[in-house]
1. Could you check what % of the DSSP bridge pairs in the chain are antiparallel, to the nearest 5?
2. Taking square-rooted eigenvalues a ≥ b ≥ c of the alpha carbon gyration tensor, is the stretch 185-328 rounded, prolate or oblate, where a/c under 1.5 means rounded and, failing that, a/b exceeding b/c means prolate?
3. Can you return the lysines within cross-link range of K107? Criterion is Cα-Cα under 29 Å, with same-chain partners fewer than 8 residues away left out.
4. Sort largest first and round to whole Å: the equivalent ellipsoid semi-axes of the chain, each the square root of five times a Cα gyration tensor eigenvalue.
5. Quick one: work out the % antiparallel among DSSP beta bridges in the stretch 67-293, nearest 5.
6. Which value in nm describes the separation of the simple spin-label points at E393 and K325, placed 7 Å from the Cα toward the beta carbon?
7. Angle between the Cα long axis of helix 353-363 and the longest principal axis of the chain, 0 to 90 degrees, nearest 10?
8. Just how far, in whole angstrom, is the stretch 90-108 from the stretch 307-355 if you go by their alpha carbon centroids?
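What follows is calculated from the coordinates using simple rules that are stated; it is not laboratory data. Nothing here was measured: the structure is a model prediction, and the numbers come from that model. When we count neighbours, we look across all protein chains shown, and the Cβ atoms used for this are built from the backbone with ideal geometry, even at glycine.
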Amino acid sequence: MLDTEPTFRPAKRLAAQKVSEILQIGARASELKAQGHPVIVLGAGEPDFATPDNVIEAAHRAALAGQTVYTPLAGTPALRAAIAQKFKRENGLDYSPAEVIATAGAKQVIFNAFMATLDAGDEVVIPTPYWTTYSAMVDICGGVPVTVQCSGETGFKLTPEQLEAAITPKTRWLMLNSPSNPTGAAYSVDETLKLLEVLERHPHVWLLSDEIYEHIVYDDFAFVSPAALSPAIKARTLIVNGVSKAYAMTGWRLGYGAGPEALIRAMTVVQSQSTSNPCSIAQAAALEALTGPQDLLAERCASFRARRDLVVDAINAIEGLYCRKPEGAFYAFASCEGLLGSTTPEGKTLKSDRDFCAWLLEAAHVAMVPGAAFGLSPYFRISYATSEAELTEAMARITKACAGLVRP
Ligand code: PMP
């Protein structure tokens, strides 16, 4: 035993970082579950489907065939070629295998890119509400996140005027995430082109396009990668994607990026000195996912659409709540402004989206994440990647709980 415990001192770059609010809500939901409460969790950003059998079988075969050793840093030649083909087939984009990198999850594409490009004080424009990891990673890599509030009135989308006003000589990147986590909003071709016009006037700004939800879009919405709309922009775009959401493979940790070769080389240096290659077996699985049958993409998308309609209709039938119909992803982002100031049967006044979500978790046993966690209040995010039966039950509980509020 030591006389005095050593004091742990985190690095300054970590000082502002906290455990994610989403995880904290998940922990409270688990506690309530352990006490026997039937909690429904609409918090996690993870499809409830299983990884397809053909993908699991390919991984099994690869492991038995000895693909259990280091691979080239940026991924096996076969996987990089399959990723390049995917961009050609699905996005009409030409990339050579040297312009793509396979990583441990889409998260690592973004991390590699910021580590490889941000110097102290460099700015990254982040349309808000945003996936919280973006700003945390910019902070950790020494950059400055420049968040731009995108209101419900513009469908939570960045306008060209806002982009123009946010750009400074220090801007290195614009982050675009379409369809978006947390709002489900996706940019039309027209909206994208207007943003690209602004970027064309500012050649020092690069575009980081997170397209991980590209396959989950509804009502004839056609996803088009910004890089496919302008060769000049493609020359300074990094596309982020991965197999987590499209093929229900979150645990395999396999993402990929595509961009100019010099950038991919710099990102590979970061990867070489941190994780090395992504898991060899996950690479074999992703190769099968990208080159095997693709019918499941449309089937699963249709099932997500039915869930979206169920959730959005139920929320809009509750007085005081409002939800815009999202174009894609598996999130709905609803306003609870009309319920603020109401009093719960337990005598608590709901003053914020955090209050609203905390109350619904305790009183209705439905876990959702307040908009504040994503930088925009008073909203809440519903992840509807769960069964229709659970969603129906969750919506019934929310409806009943809200009917019991005493309005101001
Ligand atoms: N981008 C967005 C917008 C996401 O929502 C997520 C997952 N929550 C990721 C990237 C990361 O995906 P991966 O599991 O491949 O790291």
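1. Details: 20 of 40 bridges.
So the antiparallel bridges in the chain amount to around 50 percent.
2. Numbers: a/c = 2.20, a/b = 1.26, b/c = 1.75.
Taking the square roots of the gyration eigenvalues as a ≥ b ≥ c, the stretch 185-328 is oblate.
3. Counting by Cα, and skipping residues close in sequence, K107 has these lysines nearby: K12, K18, K86, K88, K157, K170, K194, K234, K245, K325.
4. Values: eigenvalues 238, 126, 114 Å².
One finds semi-axes of 34, 25, 24 Å for the chain.
5. Details: 8 of 26 bridges.
So the antiparallel bridges amount to about 30 percent of the total.
6. It works out to 2.9 nm between the two label points.
7. Result, in degrees: 70.
8. Each part reduced to its Cα centre gives a spacing of 37 Å.
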